[in-house]
1. Output the pairs from LYS17/LYS54; LYS95/LYS131; LYS30/LYS95 with a Cα-Cα distance over 24 Å in this structure; if there are none, say none.
2. If each DSSP helix of 4+ residues adds -39,500 (n - 2.57) and the sum is divided by the residues in the chain, what number results at 222 nm, nearest 500 deg cm²/dmol?
3. What FRET efficiency do you get for LYS11 and HIS76 if R0 is 41 Å and r is their Cβ-Cβ distance, rounded to the nearest 0.05?
4. Can you tell me the dipole magnitude for the stretch 2-73 around its Cα centre, using point charges on the Cβ only (Lys, Arg +1; Asp, Glu -1), in Debye to the nearest 20?
5. Report the residues of the stretch 67-86 in range of a label on GLU99: point 7 Å along Cα→C-beta, backbone N strictly under 17 Å from it.
6. Which GluC sites (Glu not before Pro) in the stretch 46-104 pass both tests, a DSSP loop state and at most 12 other beta-carbon atoms within 10 Å?
7. Please work out whether the stretch 53-134 counts as rounded, prolate or oblate from its C-alpha gyration tensor, where a ≥ b ≥ c are the square roots of the eigenvalues and a/c under 1.5 means rounded, while otherwise a/b larger than b/c means prolate and anything else oblate?
8. Using +1 at the Cβ of each Lys and Arg and -1 at the Cβ of each Asp and Glu in the stretch 2-73, identify which of ILE14, LEU37, MET69 lies farthest towards the dipole's positive end.
Amino acid sequence: MPRAWYSQINKYFIKNKFERRKSEPTLYVKRKGVDILIISLYVDDLKYTGNSGKMMEDFKKDMMETYEMSDFGMLHYFLGIEVLQNDEGFFISQKKYAENILKKFGMHNCKPVATPLMPNEKQKINDGASKADPTLYRSLVGSLLY
């Protein structure tokens, strides 16, 4: 089903004069003079932006007529990234994601520090702490890498 959807939506974009980016096959761009419309496709979600309110409104209207689509309004979260939009621009952060990691690993009450180790402290093979759970450690590192 996903392959059929991507094929179908790709045909729609090509028919409507969008260019598919070679470096990012889920990114489509349409230009009319100085106006630009950018579409990002993620599974069955579309995120779009541009510098022309008319192009964006026409696109939204056509998509809602062509496909059974819903408009969820302005983007607030996408793939764990918070998006704050206003007249001055937009700001993205992963504050909520970072807070969830701290809660998941029991560190939400920890105090932040710039350097987690004491300067010039000698490291010991056995410092008296219990051994870390390797599965938990890999999970934590994976969460931080994401």
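Derivation of every value follows stated rules applied to the coordinates shown; laboratory data play no part. Just so we're clear, the structure is a prediction, and the values are computed from it rather than from any experiment. Neighbour counts run over all protein chains shown; Cβ positions are idealised from the backbone, glycine included.
1. LYS95/LYS131; LYS30/LYS95
2. My calculation for the chain gives -10500 deg cm²/dmol from helical runs alone.
3. So the FRET efficiency works out to roughly 0.85.
4. Value, rounded to 20: 440 debye.
5. Residues 76-85 qualify, since their backbone N sits under 17 Å from the label point.
6. Sparse-neighbourhood loop GluC sites (Glu not before Pro): GLU68, GLU88.
7. Because a/c hits 1.5 or more and a/b exceeds b/c, the stretch 53-134 counts as prolate.
8. ILE14
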